[in-house]
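A.B. asks: My structure is below; once you've seen it, I'll send some questions.
What follows draws every value from the coordinates through simple rules; no lab data is involved. Keep in mind it's a predicted model, so treat the numbers as computed, not measured. Quick reminder, even Gly has a Cβ in these numbers, built from the backbone with ideal geometry, and neighbours come from all protein chains shown.
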Amino acid sequence: MKKLSARRRHPLAALVVLLFALAATGGLYTALAPADEAKADQGSSSSLAIDEGKKLYTVGCASCHGTGGKGTSDGPSLTGVGAAAVDFQVGTGRMPAQQPGAQVPKKQAKYTQAETDQLAAYIASLGPGPSVPNKEQYDPNGADLANGGELFRTNCAQCHNFTGEGGALSKGKFAPDLGDVSKKHAYEAMQTGPQNMPSFPDTVLTQKDKGDVIAYLKTVNSDEAETPGGYKLGGFGPVSEGLFGWVFGLGSLVAVAIWVAARTAKAKKS
Amino acid sequence: MSSETGSHGTGSDEIVPENEKLPGEHGHQGHSVAVLDEDPFADPGLPPHEHRVQDIDERAARRSERTVALLFTVSMLATVAFIASYVAFPIDKIVYVWPLGHVSALNLSLGLSLGMALFCIGAAAVHWARTLMSDVEIADERHPIEAEPEVKQKVLADFRQGAEESQLGRRKLVRHTMLGALTLLPLSGLVLLRDLGPLPGTKMRHTAWKKGKLLINENTNEPLKPEDIVVGSLAFAKPEGLEREDHDFATEIAKAALMLVRIEPDDIKDKRSLDWSHEGILAYSKICTHVGCPVSLYEQQTHHVLCPCHQSTFDLSDGARVLFGPAGHPLPQLKISVNKDGYLEAQGDFAEPVGPAFWERG
Amino acid sequence: MSTTTTNAPGAGAPGKRKAPAGEKVADWADGRLGIYTLAKANMRKIFPDHWSFMLGEIALYSFIIIILTGVYLTLFFTPSMGEIEYHGSYVPMHGVVMSEAYASTLDISFDVRGGLLIRQIHHWGALIFIAAMLMHMMRVFFTGAFRKPRELNWMFGFLLLILGMFTGLTGYSLPDDLLSGTGIRFMHGAILSTPVVGTYVAMFLFGGEFPGHDIIPRFFAIHVLLLPGIMLGLLTAHLILVFYHKHTQWAGPGKTNKNVVGMPLLPVYMAKAGGFFFLVFGVIAMIAATFTINPIWVLGPYRPDQVSTNAQPDWYMGFPEGLIRFMPGWEINIWGHTLVMGVFIPLMLLPVVLTAIAVYPFVESWVTGDKREHHILDRPRNVPTRTGFGAAWIAAYLVLLIGGGNDVVAQFFHLSINAITWFVRIGFFVVPVLTFIITKRICLGLQRKDREKVLHGRESGIIKRLPHGEFIEVHEPLAQEDLHTLTAHEQYRPTEIGPDTDEHGVRRKVGPVEKLRARLSKGYYGEDAQIAKPTAEEYKEITSGHGHH
């Protein structure tokens, strides 16, 4: 604290305070303002949705992605990314991004689904791109699990691990755990390739294939996933198994050994 | 020469050894140090035996006996439970058990009952040993392992006599030919190993790729067109004519596996790489040049591809140059173009061997 | 419990009594095997009690468990790389083309009742087996139990550890799943990196190009026959030597270098050791009941063009994995040949890391020049240099383990994989040195504490005020047993090269080997390497004086 007070007369102190204040008001505004507007436009037509989306965009996104989605040095152009990309990025809370870093992590979504749809409608109007998938696409009946598994191991497991537990990439980037990703968002991620993930357009991985992959993923990694052998220890493979074998396996055996070798209590001398 | 002190029997520690002293000798011998009347650190001998409760109180002993018997009984019941579980639970029955998750009822019940049956036998035996069997400590004498000098002399004499009688030292011809025969003999065993596998030849320099072979999408099994692959996407391809059911599929795909990405031509730094691409579609070998894992952790914004096995990182926008990790050379690139029907095709085989480096690679 | 009797067997004393059935069987066996002579020496053999003496038993028992469960698994496992389409009970694999090895492993897991349990016991048992061997080895190392006459048994144990690692590695490879196939892929690449012969060895081992159709059946023979066979032989020799040498023991009252104090084999040790087998088996069975290991059904069958992140070997191969991962990609091309240093150097470092610990007993005995038998264990603190070396070795091993799991560490702690790799690259050289220095300091501190305790007694926590106002803490003198135990260890003095002229004034030649030995000896036993233990004179001087100090 002493250091802080000593520096308050520094020439740049006023600038720092100003920046903090701006960031705080801006943050408060982005957090609160859109929520109020959301109530106004239930059931709006698509052109209305685009208008509303544009308003939301101007407030919450334009500072990084530029007016009209042209992109700036802080954020890529959004022309042609499609509604699916917006639905994924905003719906999983990745956008608006909180701070720069190796990768923008997912967090609590800032916008309601209705607002997300308006934003998506606006971005989709900027240029043609993948639209938000429907339930028949991401959750088809009679999905082929075996096909999904093969495709998952060919296209996804290298980054996300066998059962989609996630994995590390270079320099602090990572492929996230897929356990709690909704089917729709999983579909959109494959379709649009968010951040450093490559995209798997329908020409590479068909719509049906994506449905199969999602069905397989949910079979092996969800709250309902069966682990016949018992607790899965995170599903990270030999590293967690080895650690467990040492700490719990050998640890409990050593504890038993201590009991076996210990002297039996002697009778108290009276 | 080193020596040691500290034979606690006399308490004459820290005695300067003579320079020629053998390490085995104790420091105090041959020195006239005043012998202390009493060594405070002397070995007091085994402490007197103290009784356990079970040794003096028959009721406590009976309690121990009952505990042991109870453990054996629990083991018997657990074995019955094991058999019952084996019969009762269908193999595909899944139950939710907190905190384990959705686990196989059979595996859980068999394992726990078997574990209990075994553990209780062990616990019973140990409890029995600890509380009821005698716990009087006994000292057993050790005897030096080295033989007495007389024994050693006898053995050496016997050996000399035996060696003499064999005439091995005298009959040099016998000795030399015997050694020769025994040395040559293992060669037949070595020769027999020849048919373990074929000679390398040039096998590792060729893959299933040839000029005009279409690039087949691994996912759809359909030939790929340039427009299928957009910037930022990742696709895997195998050569036309190689099917999963083929006898040598694994061996062929282990060399031919291909990774396709599209990068804006302006972003491609390597000139040759750009020439070998088709409008920015780059076809790289998927097999890591380190030890052969399929590299395919593609970061589409940085154009880096990472190997999951040992983290070798390649820059696909710069001729797959190695950026980090233990790989020694870039991923080989396959020269591709488009045929008259508009499908992607190979312009030939890889120009260099794919996969891990080897001595003859050059 | 009435099989032992001092009476002569029936033939020797006709008409005296009718021998019981058990005795008759024993007589029969004795007439052919000489069991009475054998039993005379061994039936009441003494084994000292200490938990750390049972680590080897954990290894022994898990080895037996692995053999039992392994035999069961061979009844159902098909070691073949022939490809079939799967149609068993596991739905997410229906119609997938896979090798018979993988399909039969799926069958063991989903169609053989109890098969999954046995597979998991086998695998957990293997992890614990090698962990127990390593820990047992560390116990032997830090207590100096490897000294004469046990150097050979140390080597037997070391070979068992190496063979155990490779038996584990081949077993890990057998199910032919995506993880183990990636492991085999690595082995292939590692063999290829060997200069001159690598390509040929790889071709011969794999019966052609990778992966071919021979590697699984060949690994099967190595895994179930060749390596366990050698291990059984070594293990027998190891145990015979343990019996022959009699067990080591900690220093203490009544315990000398010429005796062994403890409980007799029959009945106490037999019950404890026999019971411990069941306890180990029981614990491993319960772990296998509740914790998944190697769920091959979600790993998928091996295909050389597929892979998953978290591609690691089992833990015992984690340190070579670390060596491989931290290595920079050096590759040298000369005269049309390639030297794959990026793979070959770590491959050569693997035996170096292991040999460093294996040859240690011989180095130490060369430095001390001690030719006597040692049956009393060292407390690690009393041999600071050895303890420091062992701790440094463990530190290097742990750094490599972190390196081998760098992707999981990065993921779990949200770190950069590149940063961890750099930490391992530097840490492999720096951390062991720091560990050595710190461990040695700690040992010396503990020695000082022991010396203090012997000379001044134990701190009682009672504060006394003296008449002139000074406060002192009352120290209780130690019992004779404790005094003996704390001073029972021997302290070597460093080797002296001696004057460079002999008694006739002729210049003596001092070779570099002798100089090295002297320097090592000084490092081991010089003034900076040990605290002189209290002498009887010092003790008397202090205790004979006045009550306090």
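A.B. asks: Which whole-angstrom value gives the distance between the alpha carbon centres of region A:49-75 and region B:227-306?
C.D. replies: Computed from Cα coordinates, the inter-centre distance equals 35 Å.
A.B. asks: Treat region A:178-223 as a sphere of radius equal to its Kirkwood radius over Cα pairs and apply Stokes-Einstein at 25 °C in a medium of 0.890 mPa s; give the translational diffusion coefficient in µm²/s, rounded to a whole number.
C.D. replies: Estimated diffusion coefficient is 228 µm²/s.
A.B. asks: On to the next question. How large is log10 of I(q)/I(0) for chain B at q = 0.07, 0.15 Å⁻¹ when the intensity is taken from the Debye formula with one equal scatterer per alpha-carbon?
C.D. replies: For the requested q values the scattering log ratios are -0.85, -1.22.
A.B. asks: Taking residue C:533 as the anchor, which lysines have their alpha carbon closer than 30 Å to its alpha carbon, excluding any fewer than eight residues away along the same chain?
C.D. replies: Leaving aside lysines fewer than 8 places away in the same chain, those within reach of residue C:533 are B:21, C:148, C:246, C:255, C:258, C:371, C:440, C:449, C:453, C:464, C:515, C:522.
A.B. asks: Moving on. In chain C, if the dipole is taken from +1 on Lys/Arg beta carbons and -1 on Asp/Glu beta carbons about the Cα centre, which of C:434, C:46, C:89 is farthest to the positive end?
C.D. replies: Ranked along the dipole, the leading option is C:46.
A.B. asks: Using the Karplus curve 6.51 cos²θ - 1.76 cosθ + 1.60 with θ = phi - 60°, what ³J(HN,Hα) values do you get for each residue of region C:44-53, in whole Hz, with x for Gly and Pro?
C.D. replies: Rounded to whole hertz, the list is 10, 4, 9, 10, x, 9, 6, 4, 6, 6.
A.B. asks: Semi-axes of the equivalent ellipsoid of region C:210-308: what are they in whole Å, largest first, if each equals the square root of 5 times a C-alpha gyration tensor eigenvalue?
C.D. replies: In descending order, the three semi-axes are 43, 21, 13 Å.
A.B. asks: Determine the sum of side-chain charges near residue A:183: Lys and Arg each +1, Asp and Glu each -1, restricted to other residues whose C-beta is under 9 angstrom from that of residue A:183.
C.D. replies: Taking every Cβ under 9 Å from that of residue A:183, the sum is +2.
A.B. asks: Show me, bin by bin at 10 Å from 0, the whole-percent P(r) of region B:54-131 based on Cα pairs.
C.D. replies: 20, 33, 24, 15, 7, 1
A.B. asks: What area, in nm² and to one decimal, does the C-alpha convex hull of region C:294-418 cast on average over all directions?
C.D. replies: Over every viewing direction, the Cα hull of region C:294-418 projects on average to 13.7 nm².
A.B. asks: Can you list the aspartates and glutamates whose alpha carbon sits under 15 Å from that of residue A:171, skipping same-chain ones fewer than 8 residues off?
C.D. replies: Filter leaves B:299, B:315, C:407.
A.B. asks: On to the next question. What translational D, rounded to a whole number of µm²/s, comes out for region B:205-346 from Stokes-Einstein when the hydrodynamic radius is the Kirkwood one over Cα pairs, at 37 °C and 0.692 mPa s?
C.D. replies: Details: Rh = 15.0 Å.
The Stokes-Einstein estimate is 218 µm²/s.
A.B. asks: Given region C:403-472, report the % of alpha carbon pairs whose separation exceeds 19 Å.
C.D. replies: So the portion of pairs separated by more than 19 Å is 65 percent.
A.B. asks: Sticking with this structure for a sec: Distances over 36 Å make up what percent of all Cα-Cα pairs in region C:46-378?
C.D. replies: 30 percent
A.B. asks: Summing +1 for each Lys or Arg and -1 for each Asp or Glu, what net charge is found among the other residues whose Cβ lies under 10 Å from the Cβ of residue C:95?
C.D. replies: Values: positive: none; negative: A:144, A:150, C:85.
Its environment carries a net charge of -3.
A.B. asks: Quick check: the distance between the Cα centres of region C:361-435 and region B:133-179, to the nearest angstrom?
C.D. replies: Region C:361-435 and region B:133-179 have Cα centres spaced 41 Å from each other.
A.B. asks: Roughly how far apart, in whole Å, are the Cα centres of region A:158-184 and region C:177-225?
C.D. replies: Centre-to-centre distance over Cα atoms comes out at 31 Å.
A.B. asks: Moving to a separate point now. If you take the alpha carbon radius of gyration of region C:137-226 and divide it by 2.2 N^0.38 Å, what ratio comes out, to two decimals?
C.D. replies: The value comes to 1.40.
A.B. asks: Another question about this same structure. How big is the C-alpha Rg of region A:133-223 next to the rule-of-thumb value 2.2 N^0.38 Å, as a ratio?
C.D. replies: On the way: Rg = 12.1 Å, N = 91, 2.2 N^0.38 = 12.2 Å.
Cα Rg divided by the expected 2.2 N^0.38 Å: 0.99.
A.B. asks: Now a separate question. Quick one: Karplus J couplings for region A:242-258, per residue in order, coefficients 6.51, -1.76, 1.60, θ = phi - 60°, nearest Hz, x for Gly and Pro?
C.D. replies: x, 4, 5, x, 6, 6, 8, x, 5, x, 6, 5, 5, 4, 4, 4, 4
A.B. asks: If neighbour count is taken as other Cβ atoms inside 10 Å, put C:540, B:271, A:210 in order from fewest to most.
C.D. replies: B:271, C:540, A:210
A.B. asks: With the radius of gyration and the Kirkwood radius both derived from the Cα set of the protein assembly as shown, what is their ratio Rg to Rh? Please report the intermediate quantities before stating the final value.
C.D. replies: Numbers: Rg = 36.5 Å, Rh = 35.3 Å.
Across the protein assembly as shown, the Cα-based Rg/Rh ratio is 1.03.
A.B. asks: If you don't mind, there's one more thing I want to ask. First select every other residue whose beta carbon is under 11 angstrom from the beta carbon of residue B:129; then total the charges, Lys and Arg +1, Asp and Glu -1.
C.D. replies: Here the charged neighbours net out to 0.
A.B. asks: I'd like the Kirkwood hydrodynamic radius of region C:18-173, using the inverse of the mean 1/r over distinct C-alpha pairs, in Å.
C.D. replies: This gives a value of 19.5 Å.
A.B. asks: What are the lysines whose alpha-carbon lies under 28 Å from the alpha-carbon of residue B:340, with same-chain residues fewer than 8 places away excluded?
C.D. replies: Partners found: B:210, B:211, B:213, B:225, B:238, B:255, B:271, B:286.
A.B. asks: Project the alpha carbons of region C:443-544 onto their principal axes and report the range along each, largest first, in whole Å.
C.D. replies: 66, 26, 26
A.B. asks: When the helices in chain B are scored as -39500 (n - 2.57) per DSSP H run of 4 or longer and the sum is shared across all residues, what 222 nm value do you end up with, to the nearest 500 deg cm²/dmol?
C.D. replies: That comes out to -10000 deg cm²/dmol.
A.B. asks: Suppose R0 equals 45 Å. What FRET efficiency, 1/(1 + (r/R0)^6) with r the Cβ-Cβ distance, do residue C:419 and residue A:24 give to the nearest 0.05?
C.D. replies: The computed FRET efficiency comes out at 0.90.
A.B. asks: Right, something else. In sequence order, what are the phi-derived ³J(HN,Hα) couplings for region C:399-413 according to the Karplus relation 6.51 cos²θ - 1.76 cosθ + 1.60 with θ = phi - 60°, rounded to whole Hz, with x for glycine and proline?
C.D. replies: Going residue by residue, I get 4, 5, 4, 4, x, x, x, 4, 6, 5, 4, 4, 5, 6, 9 Hz, with x marking Gly and Pro.
A.B. asks: Additional query: Within a 10 angstrom radius of the beta carbon, how do C:347, B:110 rank from fewest other beta carbons to most?
C.D. replies: Going from least to most buried by this count: C:347, B:110.
A.B. asks: Taking every alpha carbon pair in chain A, what does the distance histogram look like in 10 angstrom bins from 0, in percent?
C.D. replies: 6, 22, 25, 19, 13, 8, 4, 2, 1, 0
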